Amino acid sequence: MSEMMNETNSTFSLTEKVSDLMIFVPCFIILFAVALLGQMVGIHWRKWLSGAENSQNIFIGIKSAVYTFMSHIN
């Protein structure tokens with residue numbers, strides 16, 4: 001029998017966490033500004049951002065859109 005490796009116990013280094021944060025924060029701010037502008041103008045901004053289509057909250061929608069974007073660049 002072969003044993004499967006458990007990848008859930010792998011830990012990320014501090015530099016990986018910081019680099020992910022340095023990507024997440026600017027992307028969140030930019031997409032939040034776009035979504036807020038779209039919300040004020042009355043445009044359906046959730047269609048523009050993949051991952052945010054079915055979200056009910058603007059913050060959850062932006063967070064899922066940023067994570068979707070980050071998965072594409074990794």
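The values are calculated or read from the model by the stated rules, or taken from the named source; none is laboratory data. The model shown is predicted, which means the values in this text are computed figures rather than measured ones. Positions of Cβ are generated from backbone atoms using ideal geometry, with glycine treated the same way; all protein chains shown enter the neighbour counts.
Within segment 2-20, being assigned to a helix (DSSP H, G or I) and either modelled with pLDDT of 90 or more or more than 18 Å from residue 72 (Cβ to Cβ) (or both) holds for 7, 8, 9, 14, 15, 17, 18.
Contact map, segment 23-42: residues that are without any contact (Cβ under 8 Å) to a residue 60 or more places away in the chain paired with residues that are part of a helix (DSSP H, G or I) and among the acidic types (Asp, Glu), Cβ distance under 8 Å, separation 6+ or inter-chain. No pairs are found. Residues in segment 38-52 that are loosely packed, with under 12 Cβ neighbours inside 10 Å and under 22 Å from residue 70 (Cα atoms): 47 alone.
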